[in-house]
Amino acid sequence: MKFGLKDKKRIVAVLMAVICMGLSLSFLIRVDFGTDPCSTLNLGIASKLGISFGTWQVIFNGILFLFVIRFDRSQIGWGTLANMILVGYSADFFTWLFDLILPADLFTHLTVRWIVLVPALTVFVFSAAVYMAVELGTAPYDAIVFVISSRIKKIPFRYIRMAWDLAAATIGFLLGSTVGIVTIAMAFALGSVISMVKKKINRFL
């Protein structure tokens, strides 16, 4: 398979995007106002299984990946694999790195948590928008929503997405994950916000 300059730029963009998602996610976990619903679910399961977040992300996405292959292969691309592997392990890496650098009690201060929340959330949303804009495949967690929506056409896509995210967040909460303002905001508004940002950056990509 040959890659042109444009394809290479898109691959670089998606790799940078998923790594930045992991970076921002490591801070969202630290400030403890909740994370995106998918991460909330996976953090809870990983904690109960006693394995790293990144490792469980790969396992979880691998399971969903099988369903996506079976029902809608058009959702799969290089970006799918990058998201499956790099978001979780990037979050693990940056968590380890900042544990070495930052004071242990830094995020016990409420003011610091609020100050860090805004840029971390901004980076996460922007990175997710870039990931979508390059159109190199969909994360298995997101692809499943398209699969369900294609088979339940009477229900609008946004409601299926909200139900999917709320279910993930609820399970994560029951397993001990933090469900906070970030989780709720992402469950109801993440898709719309990312789509808006995506439209603005499409012309650059």
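Throughout, read-outs are computed from the coordinates displayed, never taken from laboratory work. Quick caveat: nothing in here was measured; it's all calculated off a predicted structure. In this analysis, Cβ positions are derived from the backbone assuming ideal geometry, glycine residues included, and neighbour counts consider all displayed protein chains.
Structural remarks
- The residue that is surrounded by the fewest Cβ atoms within 10 Å (Cβ to Cβ), counting only those in the range 13-44 that are among the aliphatic types (A, V, I, L, M) and farther than 21 Å from Asp99 by Cβ, is Met16.
- Checked against (1) within 21 Å of Trp56 (Cα to Cα); (2) out of contact with any helix residue (DSSP H, G or I) (no Cβ under 7 Å at 6 or more places or on another chain); (3) aromatic (Phe, Trp, Tyr), Trp78 passes all but condition (2).
- Listed conditions (1) among the aromatic types (Phe, Trp, Tyr); (2) without any contact (Cβ under 8 Å) to a residue 60 or more places away in the chain; (3) more than 25 Å from Asp105 (Cβ to Cβ) are all met by Phe65, apart from (2).
- Unique match (being closer than 20 Å to Ala143 by Cα and of a type outside the set (Ser, Thr, Tyr)) among Phe67, Phe33, Phe27: Phe67
- Of residues in the range 143-164 being touching a residue at least 24 places away in the same chain (Cβ under 8 Å) and closer than 22 Å to Val14 by Cβ, the one surrounded by the most Cβ atoms within 10 Å (Cβ to Cβ): Ala143
- The criterion of at least 3 residues that are hydroxyl-bearing (Ser, Thr, Tyr) and under 23 Å from Ser26 (Cβ atoms) is met, among helices (runs of 4 or more DSSP H) falling completely within the range 63-163, by 78-101, 110-133.
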